[in-house]
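The structure under discussion appears below in the form of structure tokens.
Please treat every number below as a calculation from the coordinates, not as lab data. Quantities reported herein were computed from a predicted structural model and do not represent experimental measurements. Heads up, the Cβs are rebuilt from the backbone with ideal geometry, glycines too, and the neighbour counts pull from every protein chain shown.
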Amino acid sequence: MLKRLIKVPAKVVIDTGPLLLFLIGNYDPEYIPKMKRIKYGGMPCNKIHYDILKQYLNCTAERLITPGILSEAWNLIDNDISNKKDKKEIFDVNNKYFKLINEVYVSKNEILFDKYLSSNAWKFGFTDSSLILCAKNNCACVLTQDFPLFNICKNLRIDSNHLSSILSLADL
């Protein structure tokens, strides 16, 4: 059903926000509104948003992240959840998904020697730069909730989807 409503890429590079929604939803969809950084339209996300994201990601042939994204997502979980038992359970529940997501290392030198990024990475940092190169080098689509990154990708003609365009399917 989802494929008829939105173009789903074969490969997707997942940014921190969508990864966070996915990881917390895998743990317990009722826990999603407790995460400060997972929002849609200014309101907390919910189980329906998670279900839509999960369908989207399940329709892709390959899901990619960079090491910085996994670190950022886990730091946000660590910041928003004080209960160590819950953190361990989130990790344990997602362990099989961590293994299914391919991690692509993009070196700082790749960023610094890239024609565009060498003079622009200071604006949006190494993590977003790594996502851009990961998508470019793997013919993948960037999935983000970060409008500046989304716009940079569009300007560079790198396929990208903003998380809100996918979550808007919940409004149908």
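How much net charge surrounds P33 when only other residues with a Cβ under 12 Å from its Cβ are counted (Lys, Arg +1; Asp, Glu -1)? Don't skip to the answer; put the middle values down first.
Values: positive: K34, K36, R37, K39, K47; negative: D28, E30, D80.
Here the charged neighbours net out to +2.
Cross-link reach is defined here as a Cα-Cα straight distance under 12 Å, omitting same-chain residues fewer than 8 places apart; for K34 the aspartates and glutamates meeting it are D80.
Divide the volume of the convex hull around the Cα atoms of the stretch 69-165 by the residue count and you get 121 Å³ per residue. Taking the DSSP beta bridges with both ends in the stretch 2-171, the antiparallel portion is around 15 percent. Computing FRET efficiency as 1/(1 + (r/R0)^6) for S119 and K85, where r is the C-beta to C-beta distance and R0 is 41 Å, gives about 0.30. Using the Cβ atoms and a cut-off under 15 Å, what net charge is assigned to the surroundings of N79, where Lys and Arg are +1 and Asp and Glu are -1? Neighbour charge sum, excluding N79 itself: +1.
When a footprinting reagent is the concern and you count Cβ atoms within 10 Å, what order do E103, E110 take, fewest first?
Numbers: E103 12, E110 15.
Result, fewest neighbours first: E103, E110.
May I ask which of K36/K123; K47/K154; K7/K99; K108/K136; K11/K123 have a Cα-Cα span longer than 22 Å here? Over 22 Å apart, Cα to Cα: K36/K123; K47/K154; K7/K99; K11/K123.
Kirkwood Rh and Cα-based Rg: tell me the resulting Rg over Rh for the chain, rounded to two decimals. Don't skip to the end; give the middle numbers.
Values: Rg = 15.6 Å, Rh = 16.3 Å.
Ratio of gyration radius to Kirkwood radius: 0.95.
Peptide packing: for 42-48, 20-26, 137-143, 148-154, the average count of neighbouring Cβ atoms within 10 Å per residue gives the ranking 20-26, 137-143, 148-154, 42-48, highest mean first.
All other residues whose Cβ lies under 15 angstrom from that of Y97 are scored, Lys and Arg at +1 and Asp and Glu at -1, for a net of -1. Its Cα centre serving as origin, the chain has a Cβ charge dipole (Lys and Arg +1, Asp and Glu -1) of approximately 240 debye. Of all the options S82, S129, S71, the one that moves most in a Gaussian network model of the chain with Cα springs shorter than 10 angstrom is S82. Cross-link partners for K87 among the aspartates and glutamates, with Cα-Cα distance under 16 Å and sequence neighbours closer than 8 places in the same chain left out: D28, E30, E72, D78. Only helices enter this figure: runs of n ≥ 4 DSSP H residues, each worth -39500 (n - 2.57), summed and divided by the residues of the chain, yield -18000 deg cm²/dmol at 222 nm to the nearest 500.
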